[in-house]
Each structure stands twice: as C-alpha cells, then as structure tokens.
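Peer 1: Sharing a structure with you now.
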Protein chains: 2
Amino acid sequence: MSPVTVAPEVTPALLIDSSPLLKAIVQQIRANDAYGTYRNWADELLLKPYIVSKTDKKDIPLEEEIDPLTKSRILSYYRAIAYCIEQETGSLAQVVVDLNHEGFGWALVFAGRLLLVSKTLRDAQRFGFKSLDKMKAEGEKLIQKGIELAEKYPEVREL
Amino acid sequence: MSPVTVAPEVTPALLIDSSPLLKAIVQQIRANDAYGTYRNWADELLLKPYIVSKTDKKDIPLEEEIDPLTKSRILSYYRAIAYCIEQETGSLAQVVVDLNHEGFGWALVFAGRLLLVSKTLRDAQRFGFKSLDKMKAEGEKLIQKGIELAEKYPEVREL
C-alpha cells in the first residue's frame with residue numbers, strides 16, 4: 001500500500017498571511033482602531049465578524065438602521081479592495097459607500113473618472129460571507145476586474 | 001435723441017422657465033413632495049432655499065450634523081444634473097451623494113463605469129449659491145463637462 005498523503009490543513013492564519021486582500025482588510029481595521037482595542041487580537045479574530053452564516057443572517061433584522069460596526073466593516077472591505085488595485089495600477093483610488101436607511105445603496109471605487117468597482121448593496125445589515133475563502137475569492141474577483149478596467153482605460157483613470 | 005431701449009427684466013420665473021436645469025430641480029423637489037406640501041407653491045419659491053448669501057452661510061454652524069433638508073436639496077440638485085445629461089446622451093445616470101458627519105464628501109453622477117460628475121463637497125451644511133443665475137451657470141458647467149465625457153468615452157459609459 002502506498003502511503004496516504006495528507007494535505008496540510010490551511011488554517012485561517014495561513015490563509016490570511018498568503019492573501020494580500022485579507023491582510024489589507026486587517027490593516028484597515030487596525031488603522032481605524034484609535035483606542036488600541038484590537039491591539040492584541042489575532043488577525044483571524046478581527047476578520048471573524050465578516051463571516052456570517054445563512055442562519056446568522058436571518059437573525060439580523062432588516063427593519064432597523066444599519067449597525068455602525070457593519071457599515072465600518074463594509075468600508076474596510078472596499079478600502080482594502082481599493083488598496084489592492086492601487087498596488088497593481090499605481091493610480092490612487094477613492095472609495096464611496098452610500099447606504100440608505102433600508103440598507104440599500106452603492107459601493108464605489110474609482111480613479112479619475114473611471115469606476116473600478118461599482119456594486120449595488122442590498123440588505124447591507126446582513127453584510128458578510130460564508131467563509132474566509134469565499135470572502136477572499138469574491139474580493140479577488142472585484143480586484144481583478146478593477147485592474148483589467150484600469151489597464152484598458154488608462155486615459156479615463158488619469159482624468 | 002434716440003429712444004432708450006430698456007432690456008426686459010429677467011424675473012426668476014422667466015429664468016426658471018428658460019432653463020432645463022432649473023426646471024429639472026423643481027421637478028425633483030415636486031417628485032419628493034409626498035404630502036403635497038408644495039403643491040401650490042411657485043417654482044421660484046421652491047428654489048429659494050438654494051440661494052444662500054455669504055452672511056447666511058456664516059450663520060450655519062459646521063459643528064452640527066447636516067440638516068436632512070439640506071441633504072435632500074443637494075440630492076435634488078445632482079439628480080437634476082444627471083437628468084439633464086441623460087436627456088442629451090440617452091444613457092441612464094446614477095447619482096450618489098455621500099457625506100460624513102462633518103459635511104465633507106462626494107457627489108457622483110455615473111453611467112456604466114464612467115463618472116460624468118465627480119465633485120468633492122465641503123461644508124455641505126452651507127450648500128447654496130449666491131443667486132439663481134450662479135446656480136444655473138455652475139450646474140450647466142457640470143452638465144456640459146458630463147456630456148463631453150459621455151461623448152468622448154461611449155464605450156466606458158455603456159459598460
């Protein structure tokens with residue numbers, strides 16, 4: 001019998017260390033931590049509130065105003081995406097997250113006159129991902145698309 | 001002596017009637033008038049709060065949260081601009097006004113991936129113009145620029 005090869009388990013910590021996006025989100029959270037509340041927290045603990053299961057989501061009421069912490073999580077997520085696109089393209093990117101009282105709105109990342117990310121948000125009160133892997137994959141898709149647009153329309157992003 | 005020709009006075013009502021932008025702003029205000037409060041108001045009365053003199057501005061404190069009425073005036077203004085650009089280009093335009101607690105933020109009008117209007121707002125609590133003429137002139141400049149961009153980058157605005 002040939003020996004069974006067991007793939008080394010990818011721990012959250014390893015996943016974060018290998019992902020520029022996840023690291024950038026952690027960096028955003030730490031940058032906003034004016035009182036040092038999270039100073040001694042592990043990165044994976046900081047990202048934990050981004051993981052929201054289907055049942056968790058159902059428990060978050062949509063009738064209420066969006067929680068300021070959720071809003072700030074959304075901002076950190078899109079700022080991290082903007083940062084990752086900047087690293088590739090060299091163009092400064094701005095982030096605007098606009099949500100109404102019903103948790104509906106836009107997340108925009110733009111450079112010059114070019115929208116690198118343009119995403120409608122719905123039920124933002126329930127913002128979150130099934131897993132860290134999912135969060136990484138979805139974010140990377142947005143980054144990839146943003147970089148492609150920036151490369152395709154350099155003139156517009158320099159306006 | 002040759003007779004003196006007196007130019008007919010341009011009343012606010014005449015100015016509004018001759019300006020697609022001012023008419024569009026009035027339309028926005030009436031569209032948001034769910035309770036019919038303004039039903040019998042003249043157009044020029046509806047636009048009056050947009051006219052804020054230098055001394056008026058000084059009286060509006062910047063330490064306080066932006067007045068919801070001011071916020072809605074800013075939205076109506078940029079929605080009217082978006083509407084006027086749409087009329088020329090045929091592309092649907094979205095409007096996002098994002099303001100933080102200090103009255104600082106962005107007013108954005110976009111179609112597809114193209115930002116037709118991209119304006120930073122400061123001291124938004126004091127949003128207003130010296131006169132109807134000024135409001136018309138400034139708005140028309142934004143519209144003109146937006147139309148130019150839309151015509152120059154049709155591919156980006158159709159994305």
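Peer 1: Ranked highest first by average number of other Cβ atoms within 10 Å, how do A:20-27, A:76-83 line up?
Peer 2: Ranking the peptides A:20-27, A:76-83 by packing returns A:76-83, A:20-27.
Peer 1: Please give the Cα centre distance for the range B:10-43 versus the range A:49-67, rounded to the nearest Å.
Peer 2: 41 Å
Peer 1: Okay, next question. Please list the non-local residues whose amide H lies under 5 Å from the amide H of A:Ser131, H modeled 1.01 Å from N, same-chain partners needing a gap of 5 or more.
Peer 2: Placed amide hydrogens put nothing under 5 Å from A:Ser131.
Peer 1: Here is a further query. For chains A and B related by rotation, which residue of A has the Cβ nearest the axis, and what is the rounded distance in Å?
Peer 2: A:Asp98, 2
Peer 1: Right, something else. Would you mind giving the total buried accessible surface between chains A and B, with a 1.4 Å probe and ligands, DNA and RNA left out, rounded to the nearest 100 Å²?
Peer 2: Using a 1.4 Å probe on protein heavy atoms, the buried area is about 1800 Å².
Peer 1: Can you compute the charge dipole magnitude of the range A:78-158 about its Cα centre, using +1 on each Lys and Arg Cβ and -1 on each Asp and Glu Cβ, nothing else charged? Give it in debye, rounded to the nearest 20.
Peer 2: The calculated dipole for the range A:78-158 is roughly 260 debye.
Peer 1: Classify the protein assembly as shown as rounded, prolate or oblate from the Cα gyration tensor: take a ≥ b ≥ c as the square roots of its eigenvalues, call it rounded if a/c is under 1.5, otherwise prolate when a/b beats b/c and oblate if not.
Peer 2: Prolate.
Peer 1: Roughly what % of DSSP beta bridges within chain B run antiparallel, to the nearest 5?
Peer 2: Antiparallel bridges make up about 95 percent of those DSSP assigns within chain B.
Peer 1: OK, next. So, taking all protein chains as they sit and a 1.4 Å probe, how much accessible area belongs to B:Lys141, in Å² rounded to tens?
Peer 2: 150 Å²
Peer 1: Suppose you put the label 7 Å out from Cα in the Cβ direction; list, shortest first and in nm with one decimal, how far A:Pro68 is from each other copy's label.
Peer 2: Output for A:Pro68: 1.9 nm, nearest copy listed first.
Peer 1: Could you state how much accessible area B:Lys57 has, in square angstrom rounded to the nearest 10, with a 1.4 Å probe and all protein chains kept in place?
Peer 2: The accessible area of B:Lys57 comes to roughly 60 Å².
Peer 1: List the distances, in nm and shortest first, from the label point of A:Lys152 to the matching label points in every other copy, placing each point 7 Å from Cα along the Cα-to-Cβ direction.
Peer 2: Taking the point 7 Å beyond Cα along Cα→Cβ, the inter-copy spacings are 2.0 nm.
Peer 1: Here's something else I'd like to know. Once the label point is placed 7 Å from Cα along Cβ, list for A:Arg39 the distances to the corresponding points in the other copies, in nm, shortest first.
Peer 2: 6.3
Peer 1: Let me ask another. List the residues of the range B:68-103 that lose 40 Å² or more of accessible area once all protein chains are present, compared with their chain alone (1.4 Å probe, heavy atoms only, no ligands or nucleic acids).
Peer 2: Buried on complex formation: B:Val96, B:Asp98.
Peer 1: Heavy atoms only, probe 1.4 Å: what % of the accessible area of the range B:1-146 goes to carbon and sulfur, would you let me know?
Peer 2: Of all accessible area on the range B:1-146, carbon and sulfur atoms account for 52 percent.
Peer 1: Classify chain B as rounded, prolate or oblate from the Cα gyration tensor: take a ≥ b ≥ c as the square roots of its eigenvalues, call it rounded if a/c is under 1.5, otherwise prolate when a/b beats b/c and oblate if not.
Peer 2: Since a/c reaches 1.5 but b/c is at least a/b, the shape of chain B is classed as oblate.
Peer 1: Hey, if we sort A:Glu140, B:Glu65 by accessible area with the 1.4 Å probe, largest down, what's the order?
Peer 2: So, going from the largest accessible area down, we get B:Glu65, A:Glu140.
Peer 1: Moving on. Can you return the aspartates and glutamates within cross-link range of B:Lys152? Criterion is Cα-Cα under 14 Å, with same-chain partners fewer than 8 residues away left out.
Peer 2: A:Glu155, B:Glu88
Peer 1: Heavy-atom accessible area per residue, chain A, 1.4 Å probe: how many Å²?
Peer 2: 60 Å²
Peer 1: In nm, to one decimal, how far is the A:Leu62 label point from the B:Asn100 one, both placed 7 Å along Cα→Cβ?
Peer 2: Result for the modelled spin labels: 3.1 nm.
Peer 1: Still on this model: Which of the lysines could a cross-linker bridge to A:Lys57, judged by Cα under 26 Å and excluding same-chain residues fewer than eight apart?
Peer 2: Excluding near neighbours in sequence, the set is A:Lys23, A:Lys48, A:Lys71, A:Lys119, A:Lys130, A:Lys134, A:Lys136, A:Lys141.
Peer 1: Next question, about the same structure. Counting only other chains, what is the mean number of Cβ atoms within 10 angstrom of the Cβ of each residue in peptide B:112-118?
Peer 2: For this peptide, the per-residue mean of nearby foreign Cβ atoms is 6.
Peer 1: Taking the Cβ-Cβ separation of A:Leu45 and A:Lys119 as r and a Förster radius of 22 Å, what is the calculated FRET efficiency to the nearest 0.05?
Peer 2: 0.25
Peer 1: Go ahead and estimate [θ] at 222 nm for chain B from helices alone: -39,500 (n - 2.57) per DSSP H run with n ≥ 4, summed, over the residue count, rounded to 500.
Peer 2: -14500 deg cm²/dmol
The values are calculated or read from the model by the stated rules, or taken from the named source; none is laboratory data. Worth saying up front: this structure is predicted, and the values here are computed from it rather than measured. So basically every Cβ, Gly included, is an ideal-geometry build from the backbone, and we count neighbours across all protein chains shown. Please note that ligands, DNA and RNA were not included when accessible areas were found on the heavy atoms of the full protein model with its side chains. Shrake-Rupley method; radii C 1.70, N 1.55, O 1.52, S 1.80 Å.
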